[in-house]
Amino acid sequence: MFSDSLKTRYLAIAEIIIPDIAENTALQIAFFTNFTIFFDSLDKDSSSKIELLIKVLSILAFFYQFKQIEKQSIEQRILFFDKIQHFPIAKIVAGFTGLRSLTLMSFYSMQD
Amino acid sequence: MTFMQNQYDIIIIGSGVGGGTVADELRQYVKKGLKVLILEGGAYRKKEHFNQNERDMSSIFFNKGAFFSKNMHIGLAAAKTVGGSSAVYTGVSFRPPASVVQKWKTEFGLDFLTDEFVENTFLDIEKKINVHELPDSFINDNNRLFKQAAEKLGITVKNLKINIKNCQQQGFCNLGCTVGAKQGTLEVQLPDAINDGVELIYNAWVESIGENTVKFDIREAPEMSEPNVEKEGSYEIGAKVIVLAGGVMQTPALVQRSEHKLKLKNKLVGRYVTLHPVFNLNAVYQKTITNYEGFPKAYYIDEFSDGEGYYLETSFYYPGITSKNIPGYGKIHSEIMKKYDQMMSILILSHDPSEYHNRILIDKKGQAVLDYAIHPEVKKSLIKAIRKAATIFFSAGCTEMIVPGSQKYLLTKMDSDRLYSLITNSKLIFEQTPLSSAHPQGGMRMHKDAASGVVDTNGKIWGTSSVYVADASVFPSSTKVNPYETIMLLATHISRQIMKTHFQSLIS
Ligand SMILES: Cc1cc2nc3c(=O)[nH]c(=O)nc-3n(C[C@H](O)[C@H](O)[C@H](O)COP(=O)(O)OP(=O)(O)OC[C@H]3O[C@@H](n4cnc5c(N)ncnc54)[C@H](O)[C@@H]3O)c2cc1C
């Protein structure tokens, strides 16, 4: 299960992947519930890698703007993830792509 | 650890395409006293347990359908359930191309693949599981538009053959069929085998094997599946013959976990894996189209197979899978996803060579790890295939699309005459747009020489006297087409060889 601080940081990332949840609290709650169900059923190895990745991305984001990721504006976060797409460490790029996929799956697999 | 009293003649590990075919072939001898047990690591989900919900049904798959290579360039989907991946496959039915059969005979010594054996076996298989071309009433807009557009471009489009019966045309197949229309092992071979006395234990994960012993754990039955019949716990059981049919990821891993007990030292175990790498592309058509009806796949193009190294097939997937198949994220991605009802979809299947360094190994916990690098020629093929698919989309009347390898994120009709310069090798970055695979093959290569393969041409692991493999892992190289029929062909041969070698007295 995500701690509160990890949840806040993750949602700051998820809002960039799916802009709709940045503007709609009810949608964001429904999305995060679905995401948690996906996340909790992953094998231990994958879920700890995802937790670690969120922490690493938050630290990198901090050094990019000298501001916590959740305090950065949407525009600042968009710029940061544009940079991440071309980050010199391939594992970080691939990891972010994996997180993107899980986030998208969790959002678009919600039943109406 | 409980030692099971029952001793079996044959234990089959895995109930998918390979394992189910072996069980079906052996069931005639059960009446004559042969004792056969299937151990399946996945749960027993019947048609009433499938609900077409992407989140719920993702648990049918190993690691939720995303088993990634170490470099994360490709994600593999394989099912862990009774019926194996046949419970989630689309049922696209191909015989292997004649050139592949020829290569397997001449380069690997699979001489049993005579024209007569191949033809007769396929006729039997295709009759039993109802392989046929789809009637016009099953053709939805995505398929119709694909065919019209490709033909307008002068490309020959062929009809796929599918193995379904009483299909209710729900438009999707890959989360299990709610009406049991798919004629995979879950619906056909396994019920027949169980009826004739083959035993099945599900949620039974095999940890290791010896020459005549199997160690396994019966785990808790997950929600939305049949309850366990046997008690949960660790067991050991004996058998005269063991048949491994856990699939390409799991069979080599199980053998590596068991190397000590089997006294095996073959460095080719797990090697020469091919994945038939896939991109699924989507584009937005000018108006709403009906894809939730009919059958998702009806047509294919093989015209570019020999020269450029790929097939194109029609396809259509659920929203969650589609969203991850469309590259990128953010506002434009969201806008495109809002037009899901207007989407067309094409699957690119590229042919990959079998290479020594591409392999399944195990980590410290004994779990399968995929080490796989995309061949540079495959990357070139993919670029050609993306350009071709994008051309077909525009020719069909699509207005916009996001595809891998493009310099411009959103391609619109105005870009249709400069696809060649926009979609390039240097822009195809697998960390950003990973491939997927549902057709892994190899890893336990069949070869007539002990020094060049892992199993002999009867399917027996070189260096053992009674451990066989009968799944996609025995393929010496890629079939280049959707592989389930070829797996059934080889599994049929291997079952017959097992009977001839070990239970001759039961063959009348
Ligand atoms: C989404 C999807 C769509 C596909 N569509 C098509 C198609 O249209 N046409 C086509 O030809 N092919 C298709 N395929 C591929 C096809 O399904 C596979 O090639 C085929 O099922 C592989 O057969 P197999 O016997 O090697 O393994 P599987 O069918 O995967 O069966 C292996 C079984 O062994 C079990 N197992 C593994 N390890 C253990 C263990 N240690 N203990 C106990 N049990 C174990 C697994 O749980 C699994 O049930 C598709 C695959 C997928 C995932």
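What percent does the relative contact order of the stretch B:108-213 come to when contacts are Cα pairs within less than 8 Å and at least six residues apart?
Numbers: 48 pairs, mean separation 25.2, N = 106.
In percent, rounded to a whole number, it is 24.
Only bridges whose two residues both fall in chain B count here: according to DSSP, what percent of them are antiparallel, nearest 5?
Numbers: 50 of 74 bridges.
Expressed as a percentage, antiparallel bridges in chain B total about 70.
Return one whole number: the accessible area per residue of the stretch A:4-108 in Å², for a 1.4 Å probe.
Details: 5000 Å² over 105 residues.
So the stretch A:4-108 comes to 48 Å² accessible per residue, rounded to a whole number.
Could you work out [θ]222 nm for chain B from helices alone, using -39500 (n - 2.57) per DSSP H run of at least four and dividing by all its residues? Round to the nearest 500 deg cm²/dmol.
Numbers: 14 runs with 139 residues, N = 508.
So the helix-based figure for chain B works out to -8000 deg cm²/dmol.
Leaving out ligands, DNA and RNA, what percent of the accessible area of the stretch A:4-108 is carbon and sulfur, probe 1.4 Å?
Values: 3080 of 5000 Å².
The nonpolar share, carbon plus sulfur, comes to 62 percent.
Heavy-atom accessible area per residue, the stretch B:1-73, 1.4 Å probe: how many Å²?
Working: 2740 Å² over 73 residues.
Per residue, the stretch B:1-73 has an accessible area of 38 Å².
With +1 on the Cβ of every Lys and Arg and -1 on the Cβ of every Asp and Glu, and nothing else charged, how large is the dipole of the stretch A:4-108 about its Cα centre, in debye rounded to the nearest 20? Don't skip to the end; give the middle numbers.
Details: 11 positive and 11 negative charges, 73 e Å.
Around 360 debye, computed over the stretch A:4-108.
Out of the total accessible area of chain B (probe 1.4 Å, heavy atoms of protein only), what percent is carbon and sulfur? Walk me through the numbers before you get to the answer.
Details: 9400 of 18980 Å².
Whole-percent figure for carbon plus sulfur exposure: 50.
Between B:Ala373 and A:Val56, what is the label-to-label distance in nm when each label sits 7 Å out along the Cα-to-Cβ direction?
Once both label points are built, they end up 2.1 nm from each other.
Please give the residues from the stretch A:87-112 for which the solvent-accessible area of heavy atoms, probe 1.4 Å, is smaller by at least 50 Å² with all protein chains in place than with the chain isolated.
Buried-area filter returns A:Ala94, A:Thr97, A:Arg100, A:Met105, A:Tyr108.
Run the simple label-point estimate for B:Ile194 and B:Met224 please: 7 Å along Cα→C-beta, distance reported in nm.
Roughly 1.9 nm, to one decimal.
Report ³J(HN,Hα) in whole Hz for each residue of the stretch B:6-15, in order, from the Karplus equation J = 6.51 cos²θ - 1.76 cosθ + 1.60 where θ = phi - 60°; Gly and Pro get x.
For the stretch B:6-15, the Karplus-derived couplings read 4, 10, 10, 6, 9, 10, 9, 9, x, 10 Hz, x marking Gly and Pro.
Please figure out what share of the DSSP beta bridges in the protein assembly as shown is antiparallel and state it in percent, rounded to the nearest 5. Please list the in-between numbers first.
Working: 50 of 74 bridges.
Just about 70 percent of them are antiparallel.
Please compare each pair in B:Lys31/B:Lys240; B:Lys47/B:Lys127; B:Lys32/B:Lys80 to a cut-off of 29 Å on the Cα-Cα distance and tell me which ones are over it.
Among B:Lys31/B:Lys240; B:Lys47/B:Lys127; B:Lys32/B:Lys80, the Cα-Cα distance tops 29 Å for B:Lys32/B:Lys80.
Using alpha-carbon positions, what is the distance between the centroids of the stretch B:129-159 and the stretch B:450-490, in Å?
Here the answer is 33 Å between Cα centres.
Tell me, what is the percent relative contact order of the stretch A:4-108, built from C-alpha pairs under 8 Å that lie six or more residues apart?
Working: 64 pairs, mean separation 39.4, N = 105.
Computed over the stretch A:4-108, the figure is 38 percent.
For chain A, with the dipole built from +1 on Lys and Arg beta-carbon atoms and -1 on Asp and Glu ones, taken about the Cα centre, which of A:Ser41, A:Leu53, A:Phe66 lies farthest toward the positive end?
Farthest along the dipole direction, towards plus: A:Phe66.
Compute, for the protein assembly as shown, the length of the dipole vector about the Cα centre, with Cβ point charges of +1 (Lys, Arg) and -1 (Asp, Glu) only. Units Debye, rounded to 20.
Details: 68 positive and 65 negative charges, 234 e Å.
The dipole magnitude comes to about 1120 debye.
Provide the gained length on full extension for the span B:Lys339 to B:Tyr356, in nm with one decimal, where the gain is 0.36 nm per separating residue minus the Cα-Cα distance.
Values: separation 17, 0.36 × 17 = 6.12 nm, distance 4.33 nm.
Extending this stretch completely gives an extra 1.8 nm.
Can you pull the one-decimal nm distance between simple spin-label points at B:Asp124 and B:Ser452, each 7 Å off the Cα toward Cβ?
Going from the B:Asp124 label point to the B:Ser452 one covers 2.9 nm.
Below 8 Å, C-alpha to C-alpha, sequence gap of six or more: please give me the relative contact order for chain B in percent.
On the way: 1161 pairs, mean separation 117.8, N = 508.
Result for chain B is 23 percent.
Once Lys and Arg get +1 and Asp and Glu get -1 on their Cβ, which of B:Leu281, B:Ile321, B:Val269 lies farthest toward the positive end of the dipole of the stretch B:250-328?
Of the candidates, B:Val269 comes out farthest on the positive side.
Evaluate peptide B:335-343: per residue, the Cβ atoms of other protein chains within 10 Å of its Cβ; return the mean as an integer. It would help to have the intermediate numbers written out before the result.
On the way: counts 1, 0, 5, 1, 0, 1, 0, 0, 0.
Per residue, the number of nearby Cβ atoms from other chains is 1 on average.
How long is the gain from B:Thr501 to B:Glu308 if the chain were fully straight, where each residue apart is worth 0.36 nm and the alpha carbon distance is subtracted? Before the final figure, lay out the partial values.
Working: separation 193, 0.36 × 193 = 69.48 nm, distance 4.33 nm.
Gain in length upon complete extension: 65.2 nm.
Please turn the phi angles of the stretch A:43-55 into ³J(HN,Hα) values with the Karplus equation 6.51 cos²θ - 1.76 cosθ + 1.60 (θ = phi - 60°), one per residue in order, whole Hz, x for glycine and proline.
Karplus-based 3J(HN,Hα) across the stretch A:43-55 equals 5, 4, 4, 5, 5, 5, 5, 5, 4, 5, 4, 4, 5 Hz.
Which one, A:Ala14, A:Ser106, A:Phe80, projects farthest toward the positive side of the charge dipole computed for chain A from Cβ point charges (K/R +1, D/E -1)?
Going by the Cα projections, it comes out as A:Phe80.
What GluC sites (Glu not before Pro) does the stretch B:270-379 have in DSSP loop regions with at most 16 other beta carbons within 10 Å? Walk me through the intermediate numbers first.
Working: sites: B:Glu293, B:Glu303, B:Glu308, B:Glu313, B:Glu335, B:Glu355, B:Glu377; in loops: B:Glu293, B:Glu303, B:Glu355.
Taking the stretch B:270-379 and a limit of 16 other Cβ atoms within 10 Å, the loop GluC sites (Glu not before Pro) found are B:Glu293, B:Glu355.
Roughly how large is the B-A contact in terms of buried accessible area, totalled over both chains, probe 1.4 Å, nearest 100 Å²? Don't skip to the answer; put the middle values down first.
Details: alone 20240 and 6800 Å², together 24580 Å².
Approximately 2500 Å² gets buried when B meets A.
List the chymotrypsin sites (Phe, Trp or Tyr not before Pro) within the stretch A:38-102 that DSSP assigns to loop and that have no more than 13 neighbouring Cβ atoms inside 10 Å. The partial results should precede the final answer.
Values: sites: A:Phe38, A:Phe39, A:Phe62, A:Phe63, A:Tyr64, A:Phe66, A:Phe80, A:Phe81, A:Phe96; in loops: A:Phe66.
Passing both the DSSP loop test and the Cβ count: A:Phe66.
By per-residue mean of other Cβ atoms within 10 Å, what is the highest-first order of B:379-389, B:16-26, B:50-60, B:161-171?
Numbers: B:379-389: 21.7, B:16-26: 28.7, B:50-60: 19.9, B:161-171: 17.6.
The most tightly packed comes first, giving B:16-26, B:379-389, B:50-60, B:161-171.
Mind listing which GluC sites (Glu not before Pro) in the stretch B:171-231 are in a DSSP loop and have 10 or fewer other Cβ atoms within 10 Å? Write down the numbers at each step before the final one.
Numbers: sites: B:Glu187, B:Glu199, B:Glu207, B:Glu211, B:Glu220, B:Glu223, B:Glu230; in loops: B:Glu187, B:Glu211, B:Glu220, B:Glu223, B:Glu230.
Listed in order of number, the matching sites are B:Glu220, B:Glu223.
Among the residues of the stretch B:53-78, which ones have their accessible area go down by 30 Å² or more when all the protein chains sit together, as opposed to their chain alone (1.4 Å probe)?
Buried by the other chains: B:Asn53, B:Glu54, B:Arg55, B:Asn63, B:Lys64, B:Met72.
The values are calculated or read from the model by the stated rules, or taken from the named source; none is laboratory data. Just so we're clear, the structure is a prediction, and the values are computed from it rather than from any experiment. Positions of Cβ are generated from backbone atoms using ideal geometry, with glycine treated the same way; all protein chains shown enter the neighbour counts. Surface accessibility is based on the protein's heavy atoms, side chains included, excluding ligands, DNA and RNA. Shrake-Rupley method; radii C 1.70, N 1.55, O 1.52, S 1.80 Å.
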